[in-house]
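S.K.: Could you have a look at this structure, given as structure tokens, before my questions?
The values are calculated or read from the model by the stated rules, or taken from the named source; none is laboratory data. All values derive from a computational prediction rather than experimental measurement. Every residue, glycine among them, receives a Cβ derived from its backbone with ideal geometry; neighbour counts consider all protein chains shown. Ligands, DNA and RNA are excluded from the accessible area calculation, which covers all protein heavy atoms including side chains. Shrake-Rupley method; radii C 1.70, N 1.55, O 1.52, S 1.80 Å.
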Amino acid sequence: QIEKYLVLLAVFCLCNFNKFLSLYKKVAYLSVIFLIIQKVLLLTTGLKISGIAEFLPLDLGKDDASLYYEYLIGETSRLSSFFSEPALFVQYVLPLLVIELFSAKKFKDWLKVGLIFISILWTESGNGLLVLIIVFISYIIHYIISGGTLKIIIVPVILAGALMFGQRYINTESGEKLLERQTELDSGIEASSGFVRILRGYYVYDEYSPLEKLIGINNLSKQVEKINTCKAAHTFGEDDYYANTFQKFLLNTGLIGAILFFVIMAYLFRDNTPVGRTIVLVYTGLSFIAASYLGPIMFMYLYMANGYKQQSPKCHV
């Protein structure tokens, strides 16, 4: 995995943060707009269109690409813009929501925030709902700390509005589907999406020896041996090694690596801007429910958090 560390080093050393941010916003907004188009077409015509280009190579481990493309436009699939699954879309556009939310002043700014927020809800992603809570709690805390009495008085109004919206949303078809997805963890050791994303990796880690728990096992074949003997072995399919980001740190680098992960998050959080701090909190939350270990999403969040930290006046004091 040395090449992944080299990519991370190149991103931090060679990329211009402002240029990166400008390009990121353009791509993220394009993704949001396309998902809104998908939703509008679905509501008005019943037509579901895919954002995946079929003429490009498919690198998702699918045995039959044609069946996968059919699934994307089928009734059971959820909207995901240009991404292979809704969770990836949510992970990609969340920093955009944070950036726009903390800089919103005029009506058009809040309109942008609303469009991004609605696009995330329309994916019916459990990941999205959890991390949206983190984003808005962070914003409300910043709102109170940075404002006077008037702003503190306004906060209950914002919370009341959010509760009313939440109640209305839960009563919609999308809201009901999202609530159904939250019951996936109630059935014990089952191959549900929620169990696989949030809990399964800990059963593998439990099979490690004390030394292995401390330093990890950065060898796939040895990890497979642990997978085959753990209590959740029946939930693993062929070539299925999924674990969320935090679990990957535990499995590959042990307790030492997991602690270093939190040390890095604490470093990025300290003396950062409100936007940078919220991006750190969002990624930390995502690390327990989504897989991005040494992947593009992880690199993007760490780079953006560090970029905002470098712009913070506190960082240069």
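S.K.: Might you tell me the accessible area per residue for the stretch 220-317, computed with a 1.4 Å probe and given in Å²?
M.R.: Normalised by residue count, the accessible surface of the stretch 220-317 is 44 Å².
S.K.: For the stretch 261-312, which whole-number percentage of the solvent-accessible area (1.4 Å probe, protein heavy atoms only) is attributable to carbon and sulfur atoms?
M.R.: 71 percent
S.K.: Any of LYS226/LYS309; LYS105/LYS314; LYS48/LYS231; LYS112/LYS314; LYS39/LYS105; LYS48/LYS222 with alpha carbons more than 31 Å apart? Name them for me. Before the final figure, lay out each step's value.
M.R.: Details: LYS226/LYS309 40 Å; LYS105/LYS314 24 Å; LYS48/LYS231 40 Å; LYS112/LYS314 29 Å; LYS39/LYS105 28 Å; LYS48/LYS222 43 Å.
Distance filter (> 31 Å) returns LYS226/LYS309; LYS48/LYS231; LYS48/LYS222.
S.K.: I want the local charge near ALA28. Using Cβ-Cβ distances under 12 Å, sum +1 for each Lys or Arg and -1 for each Asp or Glu among the other residues. Provide the component values of the computation, followed by the final result.
M.R.: On the way: positive: LYS25, LYS26, LYS112; negative: GLU100.
Taking every Cβ under 12 Å from that of ALA28, the sum is +2.
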